[in-house]
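Please find one structure pasted underneath; my questions will follow.
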Amino acid sequence: MNRTNPSGCGLARSPAEACASATSDAITEAGAFDRVCRVSLGQKKQSAFTLIELLVVIAIIAILAAMLLPALAKSKSKAQGIMCMNNMRQLTLAWLQYAHDNSDRIPYASGSINGPNPNIDPYVWVTGQIDFNPGNPSNWDTSVDLQKSPLWPYCGNSAGIWKCPADRSTIVPPSGPMRGQTVPRVRSMSMSIWQGGFGGQLMSGYPGITSPPWKLYLRLTDMLNPPPVHTLLFWDERSDAINLGNFYIDMTGYPSSLGALQFNWDWPGSYHNRAGGLSFADGHAEIKKWLDGRTVPPPSAVVQGPFPSPYNQDIVWLQDRATRRIQ
């Protein structure tokens, strides 16, 4: 019997063979579908995080945060240092403009040592005292002292430049429009006592803070040794040491008896990673890194009055930029 189809294209299949072939094709397609489903399900499983993977990601984020936070803190401190120098420079330029308008006479660092004096106070760069007494309006009211300063018209009537932005000291006024509120104190900057002294004189009772024998500057033209570029004007004072508008640089031990060096009442600020802002009589400002740990003591170690600090290189640096013996 001829098994070829009329067209001669192949053998004819029996019904049984056709059924078997169809069954085989169905099984093959079912297997392929099953594999597709398995692959699809596997892909879905791979797209989700396991608990362990989530914990690893969280741990990595925590490590990165621990690494970045100190860097961010230093960046913030550096930015505050730049703002501090800008404030210093603006206040120093106000001081220079005042001197140029007054025949080179400079304002006094403080008023009379005997108390308020209407003949002297108008020529004091700032009166009043900063402390932690809530009842002292000098701490929080700019109209009490700052706005009466002879420098006020020269600094654009800006109270913000009278303090370092990193000074976080606060006070709670018991009266007035800010009664009961926690507000920042208004000043952190002080002027070298060698700039005008107490109303044009300097008889403090301490040999290292007395003129004569040390020179007291009363005019811009007095600053020859050291020259203005090396003569200290303003500094940021520690929040727990600031008081009157002046700061003492005690010349005891200078230049050759370094074992007698001492701080006296006033301590420099260290708001910028153990560094503080300072300005000079030529108009420039800088951030000074303190090198001796005794210059940045904890609050409990800050004392009122003389405090020995022999061979402290930071004190020598300050003395070099303060004054000289009268020849």
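The values are calculated or read from the model by the stated rules, or taken from the named source; none is laboratory data. Keep in mind that what you see is a predicted model, and the values were worked out from it rather than measured. Here the Cβ is made from the backbone with ideal geometry for all residues, glycine too, and neighbour counts use every protein chain on show.
Can you pull out every residue in the range 103-123 that is touching a helix residue (DSSP H, G or I) at 6+ places or on another chain (Cβ under 9 Å) and not hydroxyl-bearing (Ser, Thr, Tyr)?
ASP104, ARG105, ILE106, PRO107, GLY111, ASP121, PRO122, listed by residue number.
Return yes when GLY197 is of a type in the set (Gly, Ala, Ser) and within 15 Å of ARG105 (Cα to Cα) and no when it is not.
Considered against the rule, which asks whether it is of a type in the set (Gly, Ala, Ser) and within 15 Å of ARG105 (Cα to Cα), GLY197 comes out as yes.
Any idea which residue in the range 258-272 is nearest to GLY208 (Cα to Cα), counting only those that are part of a loop (DSSP other than H, G, I, E, B) and in contact with a Gly (Cβ under 8 Å, 6 or more places away or on another chain)?
Ranking the candidates gives LEU261 first.
Let me ask something else. Taking the residues in the range 101-143 that are of a type in the set (Asp, Glu) and in a loop (DSSP other than H, G, I, E, B) as candidates, determine which candidate is nearest to ARG219 (Cα to Cα).
Among those residues, the one meeting the criterion is ASP104.
Residue by residue, here is whether (1) hydroxyl-bearing (Ser, Thr, Tyr); (2) modelled with pLDDT of 95 or more; (3) touching a Gly at 6+ places or on another chain (Cβ under 7 Å) holds:
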position: VAL186; (1), (2), (3): no, yes, no
position: ILE193; (1), (2), (3): no, yes, no
position: TRP235; (1), (2), (3): no, yes, yes
position: ASN243; (1), (2), (3): no, yes, no
position: SER256; (1), (2), (3): yes, yes, no
position: ALA281; (1), (2), (3): no, yes, no
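Can I ask one more? Among the residues in the range 158-165, are any touching a helix residue (DSSP H, G or I) at 6+ places or on another chain (Cβ under 8 Å) and under 16 Å from LEU96 (Cα atoms)?
Yes: one or more hits.
Quick one: which residue in SER204, SER175 is among the hydroxyl-bearing types (Ser, Thr, Tyr), at pLDDT below 95, out of contact with any Phe, Trp or Tyr (no Cβ under 9 Å at 6 or more places or on another chain) and more than 16 Å from LEU278 (Cα to Cα)?
Selected residue: SER175, the only one of SER204, SER175 that is among the hydroxyl-bearing types (Ser, Thr, Tyr), at pLDDT below 95, out of contact with any Phe, Trp or Tyr (no Cβ under 9 Å at 6 or more places or on another chain) and more than 16 Å from LEU278 (Cα to Cα).
Then there is this: Considering only the range 283-306, I want to know if a residue exists there that is assigned to a loop (DSSP other than H, G, I, E, B), surrounded by 16 or more Cβ atoms within 10 Å (Cβ to Cβ) and basic (Lys, Arg).
Scanning the range 283-306 turns up no residue that is assigned to a loop (DSSP other than H, G, I, E, B), surrounded by 16 or more Cβ atoms within 10 Å (Cβ to Cβ) and basic (Lys, Arg).
Something else: Within the range 159-183, track down each residue that is touching a residue at least 24 places away in the same chain (Cβ under 8 Å), of a type outside the set (Phe, Trp, Tyr) and outside any loop (DSSP other than H, G, I, E, B).
Hits for the range 159-183 are ALA159, GLY160, ILE161, ILE171, VAL183.
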